[in-house]
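K.L.:
Next up is a structure, given as C-alpha cells.
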Amino acid sequence: MDAVTPVMRALVMLAVAVAACDRGPRRADSGAAKDSSRQLTAIALVQENPQLPAAPPTAISPADAEQYRRIILASVLSDLAVTDTVRPTAADDTSLTNFQLGGWRLGGEDTFPTRNPVRFFANFDRFTSGVLVVTLDTTLTRTRHEPPFDMRMADSIAIGGLGRRERFAIQCRFGTHDIDDQIVGLVRDTTSEQWQRARLAWLFDTATARIRAMRPDSVSCRLQNPD
C-alpha cells in the first residue's frame, strides 16, 4: 500500500485500537450519524445478480458439517479480486436513514456464559456515504465463556459505492441450508423479513481468521425488523 499516507496509517491504527477495547458485541442500530472518514483497502466486487430466487429456501440442514464446509469454500472467490481505495464523500443531501451498525458473536449462542469458549466477534458499519466496513475480531484468551474479552482485529474489509437503498444483512443462508451466522451479504432493498438475493456476500472463515468474498448467486439474505 505505497499510496497510504501517514494520516491514513494513523486512522487504521486508531480503528485497531478501538477494536482492542471492545468487550462484547454491539447491538444493531440505525438512524444516527457517525464519522465516515475511515479509509481502508476495499475489495470491489462487480458481479451482480438482479434476479431474486424463484422460491424461498427450504431451510434444509446439512447432513454432514464437513461436506457443508466444502460446499461453502467452493463458493469463495479468489483473493486476486480487484482492489481499490475507499474515499468516502458525504453529499449535502445525505439521508441518515441508511446508516447501520451492529455486531455479534460468531457461534450461534445468544446468552452468556456460553457452552463453548468464545473466539470470534463480527462488527459492521454501513455509512451514509455509501461505504461499508466489516471487521472480524478474535479473542486473545481462548478459554473464556463470558465477558470481559480481550480482543484484537483479525481482518477487515471496506466496500464503497453502495446504493442508497442497499443494506447489509446478517441473516443469510447458502442455497437451501439453514441461516449461517458466518455468512453475510449486501441486499438491494430495504424490505425487512423477506428473502432477497445477495448482490455481494462474504464468509467469516474462522479456520483462517479471515473475511473472504463469496460468489453471491447462491446466497440469499433477509433484513430484520428494526427494534
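The values are calculated or read from the model by the stated rules, or taken from the named source; none is laboratory data. As the structure is a prediction and not an experimental result, all values here were calculated from the model. Using ideal geometry, Cβ is built from the backbone for each residue, glycine included, and neighbour counts are taken over all protein chains shown.
K.L.:
Return yes when T191 is of a type in the set (V, I, T) and within 21 Å of N116 (Cα to Cα) and no when it is not.
P.N.:
Here the answer is no, as T191 does not meet what is asked.
K.L.:
Can you tell me which residue among T128, T141, T135 is without any contact (Cβ under 8 Å) to a residue 40 or more places away in the chain, hydroxyl-bearing (S, T, Y) and at negative phi?
P.N.:
Checking each option against the conditions leaves just T141.
K.L.:
Taking I157 and the conditions (1) in contact (Cβ under 8 Å) with a residue 24 or more places away in the chain; (2) closer than 16 Å to V76 by Cα; (3) assigned to a loop (DSSP other than H, G, I, E, B), which numbered condition does it fall short on, given that it satisfies the others?
P.N.:
Every listed condition holds for I157 apart from (3).
K.L.:
Do we find that G102 is small (G, A, S), crowded, with 18+ Cβ neighbours inside 10 Å, at pLDDT 75 or above and under 30 Å from T143 (Cα atoms) in this structure?
P.N.:
Yes, satisfied.
To keep it simple, each residue is scored yes or no on (1) out of contact with any Gly (no Cβ under 6 Å at 6 or more places or on another chain); (2) in a strand (DSSP E or B); (3) farther than 18 Å from Q224 by Cα.
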{"residue": "W104", "(1), (2), (3)": "yes, yes, no"}
{"residue": "V118", "(1), (2), (3)": "yes, no, yes"}
{"residue": "N123", "(1), (2), (3)": "no, yes, no"}
{"residue": "D137", "(1), (2), (3)": "yes, yes, yes"}
{"residue": "R144", "(1), (2), (3)": "yes, no, yes"}
{"residue": "R152", "(1), (2), (3)": "yes, yes, yes"}
{"residue": "H177", "(1), (2), (3)": "yes, no, yes"}
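K.L.:
OK, next. All but one of (1) in contact (Cβ under 8 Å) with a residue 12 or more places away in the chain; (2) surrounded by fewer than 19 Cβ atoms within 10 Å (Cβ to Cβ) hold for F149, so report the exception by its number.
P.N.:
Going through (1) in contact (Cβ under 8 Å) with a residue 12 or more places away in the chain; (2) surrounded by fewer than 19 Cβ atoms within 10 Å (Cβ to Cβ) one by one, F149 breaks only (2).
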